[in-house]
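S.K.: Supplied in structure tokens, the structure appears directly below.
The values are calculated or read from the model by the stated rules, or taken from the named source; none is laboratory data. Just so you know, these numbers come straight off a predicted model, no measurement behind them. When we count neighbours, we look across all protein chains shown, and the Cβ atoms used for this are built from the backbone with ideal geometry, even at glycine. Heads up: the accessible areas ignore ligands, DNA and RNA and are worked out on the full protein's heavy atoms, side chains in. Shrake-Rupley method; radii C 1.70, N 1.55, O 1.52, S 1.80 Å.
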Amino acid sequence: MLIGLEVHVQLPTKSKMFCSCPTTDAEAPNSHVCPGCLGMPGTKPVLNKEAVVCGIKLAKMLNCEIPETMWFSRKTYFYPDMSKGVQVTQYDRTVGMRGVYYMHGKRPIRITKIQVEEDPGKTKRFGDQSSLVDYNRAGTPLTEIVTEPDFTSPAEAREFLRQLIIDIRHTLDLPGDGERSIRCDCNISVGKERVEVKNVNGLRNVERALTFEMVRQTKVLKAGGKIDRETRGFDEERGVTFSVRKKEYESDYGYIDEPDLGVFHIGDLARSITIKESPVNMAARISKEYEIDGKTAEQIVSTSVGLAEVFEMIAKATSVQTASSWTKGTISANWKAFETSGGDPEGIVKIIERFAGGGVTDVETDMELKAFMTGKEVGAIKEQNADLGQIIEDYLDAHPEIVGEIKKNEKAVNRVIGHVMKETGGKYSSSDIVAAAKVALGSRL
């Protein structure tokens, strides 16, 4: 079985790919359009440079070869959601080619190419008899990332997408949600012929669509049937794919060079662009450099790149063990509040340095960190810890056997955490409860 993906990413530009129409959502259909993006006679496209910059950034993230020159092509487009009858895309000279993407603990995935192009409009169907087209989305800048068929299971394809989306959002400063969308076309062949499942949204749906196709194609082949080369859709509610049309071949699209745009020299531009270290690469580097477990490094980075940077600062100022313990505990638990407030990470490092120097106890350090990161008074933190401590002490008095269980298996402390969470109605975080439990258990273990 072979699986390849085509990942479409809407780029964070203010205007469309070849005209000045806005890319923001519009309440009224067909209100963000102009003669240019509708393909009216006499109009000519003007390239959005920012879209090219975004494409180059992603090409660098994917370790692609970036050519000195690139150009665009016209792809014959038979469907009403692109009113000009062609889609302006890239074909044989794209913004990036022959790349490679490294997954956590797995073999690298080959990237065939990354291209910048325009999005079609959106068709809305009304029953089985009629459809209407909204061209507000037509012309919106996209990049398409095309992989080689290097995935051997739907689960592996999902994991690739999960990591890739994190890196894309980090590289382009995309929000975690909102208007910007990422869609995926899934190519899968169990036998000789390839089937494409078009426009699948969401990691879970990608895995579901591929799994259904894997099972469907296997059954057809076992029954002596033949797999048709076709494009299929995915019904999210029923979890099944359905035939949309017989798959076109490359020659059916009638690619020709776009005469109204010409050749673009991007070599100097590409060399002038630098990108931030991607979260996936950062996690791999931290795991290797500080000799910590790969999953731990990934967990820290996926929580926040800023948190990972604080981990490195603490590790260099004290020790890796100290940095790992405090980062996974109190610092991680209070990071969201700290990041929102825009606090200075140096303050966190100084608190941990005092602890490492033996000037303060772990309990005092925990309270000082919480106060610094949340903006609360130390007195309020002490009162909270006292309340938690009393609840835990009462529970341990009523269930003394738990202490023995914890001596045999540290995970038994989850009984204490579960009780306190239920008792307090989720008022305190699990890390706060764990910290209080450590203090309460200290004299009993």
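S.K.: Scan region 127-160 for residues that are in a loop (DSSP other than H, G, I, E, B) and within 29 Å of residue 50 (Cα to Cα) and report the count.
M.R.: 7
S.K.: Can you give me the ranges of the helices (runs of 4 or more DSSP H) entirely in region 387-445 with at least 2 residues that are touching a residue at least 40 places away in the same chain (Cβ under 8 Å) and crowded, with 18+ Cβ neighbours inside 10 Å?
M.R.: Once the helices (runs of 4 or more DSSP H) in region 387-445 are filtered for at least 2 residues that are touching a residue at least 40 places away in the same chain (Cβ under 8 Å) and crowded, with 18+ Cβ neighbours inside 10 Å, what remains is 430-442.
S.K.: Another question, if that's okay. Based on this model, can you work out whether residue 252 counts as at pLDDT below 90, among the acidic types (Asp, Glu) and closer than 25 Å to residue 3 by Cα?
M.R.: For residue 252, the condition - at pLDDT below 90, among the acidic types (Asp, Glu) and closer than 25 Å to residue 3 by Cα - is met.
S.K.: How many residues does region 94-112 contain that are outside any strand (DSSP E or B) and under 22 Å from the mean Cα position of the chain (by Cα)?
M.R.: 8
S.K.: Condition first: assigned to a loop (DSSP other than H, G, I, E, B), open to solvent by less than 20 Å² (accessible area, probe 1.4 Å) and touching a residue at least 24 places away in the same chain (Cβ under 8 Å). Can you find one or more residues in region 50-61 that meet it?
M.R.: No: region 50-61 contains no residue that is assigned to a loop (DSSP other than H, G, I, E, B), open to solvent by less than 20 Å² (accessible area, probe 1.4 Å) and touching a residue at least 24 places away in the same chain (Cβ under 8 Å).
S.K.: Give, as residue ranges, the strands (runs of 3 or more DSSP E) completely inside region 226-306 that count at least 3 residues that are under 24 Å from residue 67 (Cβ atoms).
M.R.: 263-265
S.K.: Can you tell me which residues in region 184-225 are of a type outside the set (Lys, Arg), within 22 Å of residue 114 (Cβ to Cβ) and assigned to a strand (DSSP E or B)?
M.R.: Scanning region 184-225 gives 184, 185, 186, 187, 188, 196, 197, 199, 200.
S.K.: Among the residues in region 8-20, are any over 27 Å from the mean Cα position of the chain (by Cα), hydrophobic (A, V, I, L, M, F, W, C) and open to solvent by 60 Å² or more (accessible area, probe 1.4 Å)?
M.R.: No, the conditions are met nowhere in region 8-20.
S.K.: From the list 314, 351, 331, which one is part of a helix (DSSP H, G or I), crowded, with 17+ Cβ neighbours inside 10 Å and without any contact (Cβ under 8 Å) to a residue 24 or more places away in the chain?
M.R.: Criteria check complete, one pass: 351.
S.K.: Could you please give the count of residues in region 212-254 that are under 31 Å from the mean Cα position of the chain (by Cα) and among the hydrophobic types (A, V, I, L, M, F, W, C)?
M.R.: Adding up the residues that qualify gives 7.
Yes or no, residue by residue, for (1) assigned to a loop (DSSP other than H, G, I, E, B); (2) touching a Pro at 6+ places or on another chain (Cβ under 6 Å); (3) open to solvent by 40 Å² or more (accessible area, probe 1.4 Å):
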{"site": "78", "(1), (2), (3)": "yes, no, yes"}
{"site": "83", "(1), (2), (3)": "yes, no, yes"}
{"site": "88", "(1), (2), (3)": "no, no, no"}
{"site": "91", "(1), (2), (3)": "yes, no, yes"}
{"site": "114", "(1), (2), (3)": "no, no, no"}
{"site": "125", "(1), (2), (3)": "no, no, yes"}
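S.K.: Go through region 170-200 residue by residue and tally those that are open to solvent by 30 Å² or more (accessible area, probe 1.4 Å), modelled with pLDDT of 85 or more and farther than 20 Å from residue 148 by Cα.
M.R.: 2
S.K.: Which one of these is open to solvent by less than 60 Å² (accessible area, probe 1.4 Å) and either free of Cβ contacts under 8 Å to residues at least 40 places away in the same chain or assigned to a helix (DSSP H, G or I) (or both): 359, 343?
M.R.: It is 343.
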